[in-house]
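This report refers to the structure that appears directly beneath it.
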Amino acid sequence: MNLDESLLSHRFTERNGVRLHYVEAGEGPLVVLLHGFPELWYSWRHQIPALVQAGFRVIAPDMRGYNLSDKPEGVAAYAIDELTADVAALIRVAGDTRSARAAAVVGHDWGAGVAWAFAARHPELYDRLVVLNGPHPARLIASFRTARQLRKSWYMFFFQLPKVPELLAQRNDYEMFRAVLKDDPRRPGAVTDEELARYVEAWSRPGALTATINYYRAAFRPASLLGSGKLPRIEAPVLVIWGEHDRYLGAELAAPDPAAVPNARVARVPDAGHPVHYDRPERVNQLLLEFLRENRA
C-alpha cells in the first residue's frame, strides 16, 4: 500500500524547549509509531496508509535528534527518561483528552526500547503496546553476559567513542548508514534509491549524526537503559513482532520475561530481518491491525 503524503499533516510540539516534529493522518483511535536507528517518521510508510484505511488516527514523530525534530546538545539529552517524556507529551498533545488510554504505542528498534520504557512508566496514557524487533530492556541487558550477543552488539560499544563514529558515518555520502538500510532487509528492493535519499537528507541536517549516536552513548550511562531504576511491570496487552533473521539481536530475546510482562505474545516472521516492517509489510500490517482491533467497541 503506497503512502499518499498529501493526506499527511506535518505538525510540531515543544517539550522543555525541544521542538518535536510529527506527521498525522486519519481519524479514530490514536496509534503512535516510534521509529528506530538511523531512521525517521518515513520508516512507517507501509504502515501509515494501512492504519488510516482501517480507521485509526496515526502520529509518527521524528524522535528527538532526528530529521526535523530538534537536536539538543549533550549525551544526557538522550537519556531514556527524556525520550519517554517526549512520547508522553506527544500523546497528551495529539490524543483525545477525554480518553488518552485509547492510544496504542508501536515501536521498532530504538523506538521499541523507548516504547517498552514508556509503557512501564505511563500506563495511564495507552492501552496496548506493539514492539518490532526490540527486546525488553531487562532482557537486553542480561544478554550482554553472553559472548554471542556481545558479538552481535559490537557497534553499540563502538558508538561510545567520541567523534570517530560521526567521522566514519559521514564518509562516502553516509555509506555506513546507507549500508544498514540496504543490507539489513532480506527482501530485495525493500528500500529504493529514492526512499534512501529521504534518509540521507535527514542525516545531513546539522547535528543529526551526533544526536542519533548519542542514543547509544546515553544508553551506556549507569542504569540508563532502564532509566531511573528497575522498570515497573507492564500489565497492558503486548504484541512482539519479530523478524527471525535479525543480525543484531538473537531470536531468544523476542519473548519478554512473563514476570515483567504477563500479557505478551510473540509473532515470529520467517524470512524477515531486523527491519521486519520493511521485509514483510503486509504480514506486519495484518498482525498489527488484528491486535489493535481486539476488544475495541
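The values are calculated or read from the model by the stated rules, or taken from the named source; none is laboratory data. Just so it is clear, the model here is predicted, and its values are computed rather than measured. Reconstructed Cβ throughout: ideal geometry from the backbone, glycine too, with neighbour counts over all protein chains shown.
Quick notes on this structure:
- For the stretch 13-40, a tally of residues being over 19 Å from Ala179 (Cα atoms), in contact with a strand residue (DSSP E or B) (Cβ under 8 Å, 6 or more places away or on another chain) and not β-branched (Val, Ile, Thr) returns 14.
- Among the candidates Gln160, Gln149, residue that is touching a Ser or Thr at 6+ places or on another chain (Cβ under 8 Å) and in contact (Cβ under 8 Å) with a residue 60 or more places away in the chain: Gln149
- When the stretch 20-44 is filtered for residues that are charged (D, E, K, R) and touching a Lys or Arg at 6+ places or on another chain (Cβ under 9 Å), the ones remaining, listed by number, are Glu24, Glu27.
- Among the residues of the stretch 43-68, those that are part of a helix (DSSP H, G or I), over 22 Å from Ala119 (Cα atoms) and in contact with a Leu (Cβ under 8 Å, 6 or more places away or on another chain) comprise Pro49, Ala50, Val52.
- Top-ranked residue in the stretch 271-288 [being at pLDDT 95 or above and either surrounded by fewer than 17 Cβ atoms within 10 Å (Cβ to Cβ) or charged (D, E, K, R) (or both); ranked as farthest from Lys182 (Cα to Cα)]: Gln286
- Pairs meeting the criteria (first residue in the stretch 242-253 and more than 19 Å from Phe158 (Cβ to Cβ) and without any contact (Cβ under 8 Å) to a residue 40 or more places away in the chain, second residue crowded, with 17+ Cβ neighbours inside 10 Å and among the aliphatic types (A, V, I, L, M), beta carbons under 8 Å, at least 6 apart or on different chains) are Glu244/Val269; Glu244/Ala272.
- The set of residues from the stretch 132-148 being more than 20 Å from the chain's Cα centre (by Cα) and not small (Gly, Ala, Ser) comprises Phe144, Arg145, Thr146, Arg148.
- Test result for Leu83, touching a residue at least 24 places away in the same chain (Cβ under 8 Å), part of a helix (DSSP H, G or I), under 27 Å from Glu294 (Cβ atoms) and under 15 Å from the mean Cα position of the chain (by Cα): no
- Failed item in (1) without any contact (Cβ under 8 Å) to a residue 40 or more places away in the chain; (2) under 20 Å from the mean Cα position of the chain (by Cα), with Gly189 passing the rest: (2)
- Within the stretch 116-130, the set of residues being touching a residue at least 60 places away in the same chain (Cβ under 8 Å), more than 13 Å from the chain's Cα centre (by Cα) and not in a helix (DSSP H, G or I) comprises Tyr126, Asp127, Arg128.
- Where helices (runs of 4 or more DSSP H) sit wholly within the stretch 160-277, those with at least 3 residues that are on the phi > 0 side of the Ramachandran plot occupy 171-183.
- Pairs with Cβ under 6 Å, 6+ apart, first in the stretch 196-209 and under 16 Å from Met176 (Cβ atoms), second small (Gly, Ala, Ser) and assigned to a helix (DSSP H, G or I): Leu209/Ala169
- Residues of the stretch 12-42 classified as touching a helix residue (DSSP H, G or I) at 6+ places or on another chain (Cβ under 8 Å) and part of a strand (DSSP E or B), total: 14
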